[in-house]
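Below: one structure, written as structure tokens.
The values are calculated or read from the model by the stated rules, or taken from the named source; none is laboratory data. Computed from a predicted model, the values in this text were never measured in an experiment. Here Cβ is always computed from backbone atoms with ideal geometry, including for glycine, and neighbour counts include all displayed protein chains.
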Amino acid sequence: MKSLDLRFRAHPWHGVTLGAQAPAVVTAYIEIVPTDTIKYEVDKTSGLLRLDRPQQYSNFCPSPYGFLPQTLCAGRVGELCSERTGRSGIVGDGDPMDVCVLTEKELSHSDILLTAIPIGGLRMLDGDEADDKILAVLEGDAVYGRLQDVSQMPNSLVDRLRHYFLTYKQAPDRLARVVEITHVYGREEAHEAIRRSALDYLLRFGS
């Protein structure tokens, strides 16, 4: 059976672990990089990287962007968002926990795994759905690798990330703002969000 398993690629959401040191150190799967003019997204059934949509405006993601394997934004993540925002009726968006990974290096392509250290996050709401964006640094990165908390990030970089996520769903026929970012939070809250998303995954999919 093991030899048969080696013939198939692991599903990046279900077949890769979050990491033995999570939430302090995590595995991240990267779907898009800053040079992409197309938004790619993993097809949840096959695990292959799928073209989601062309970027409608000259809006590029400021950092490599993807998700944390074996996480899910569901009930527990929604509850955390409700606790922190004081709003009721918030649910998770049903997707893996998103992550932006800061690095000085230019990644030439996506569809890769890397090791990252979470330092904070953006609490984003898409209607009544929690859609958090964990902010992390590439392990060992010469410029960003020593950052321990989002408070140490340059404000201009935080602003660029906020702007991207507040506008990346806009299209010429849909200019209205459809998402909001209520908080920029630090490392400890990022760890709690990751723990809850890992629990949500276990409750939905089992061990």
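State all residues of the range 80-90 that are among the β-branched types (Val, Ile, Thr) and not in a loop (DSSP other than H, G, I, E, B); if no residue qualifies, say none.
If we filter the range 80-90 for residues that are among the β-branched types (Val, Ile, Thr), which is where we start, we get 85, 90.
Selection gives 85 alone.
Any idea how many residues of the range 196-207 are modelled with pLDDT of 95 or more and farther than 9 Å from residue 76 by Cα? Write out each step before concluding.
Going through the range 196-207, the residues modelled with pLDDT of 95 or more turn out to be 196-205.
Cutting the leftovers down to farther than 9 Å from residue 76 by Cα gives us 198, 201-205.
Of the residues in the range 196-207, 6 are modelled with pLDDT of 95 or more and farther than 9 Å from residue 76 by Cα.
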Can you list the strands (runs of 3 or more DSSP E) lying wholly within the range 91-207 that have 1 or more residues being surrounded by fewer than 19 Cβ atoms within 10 Å (Cβ to Cβ), among the hydroxyl-bearing types (Ser, Thr, Tyr) and in contact with a strand residue (DSSP E or B) (Cβ under 7 Å, 6 or more places away or on another chain)? 112-126, 180-186
Take residue 62 and tell me if it is under 29 Å from residue 128 (Cα atoms), modelled with pLDDT under 95 and touching a helix residue (DSSP H, G or I) at 6+ places or on another chain (Cβ under 6 Å). yes
Would you tally the residues in the range 12-44 being more than 13 Å from the chain's Cα centre (by Cα), surrounded by 15 or more Cβ atoms within 10 Å (Cβ to Cβ) and of a type in the set (A, V, I, L, M, F, W, C)? 3
Taking the range 45-79 on its own, how many of its residues are loosely packed, with under 15 Cβ neighbours inside 10 Å, part of a loop (DSSP other than H, G, I, E, B) and not polar (S, T, N, Q)? 2
Here are some conditions: (1) surrounded by fewer than 17 Cβ atoms within 10 Å (Cβ to Cβ); (2) modelled with pLDDT of 90 or more. Residue 5 meets all but one. Which one does it not meet? (2)
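Has the range 64-82 got at least one residue that is farther than 17 Å from residue 190 by Cα, over 12 Å from the mean Cα position of the chain (by Cα) and in contact (Cβ under 8 Å) with a residue 24 or more places away in the chain?
From the range 64-82, those farther than 17 Å from residue 190 by Cα are 64; that's our starting set.
Of the ones still in play, those that are also over 12 Å from the mean Cα position of the chain (by Cα) are none.
For the range 64-82, residues farther than 17 Å from residue 190 by Cα, over 12 Å from the mean Cα position of the chain (by Cα) and in contact (Cβ under 8 Å) with a residue 24 or more places away in the chain: absent.
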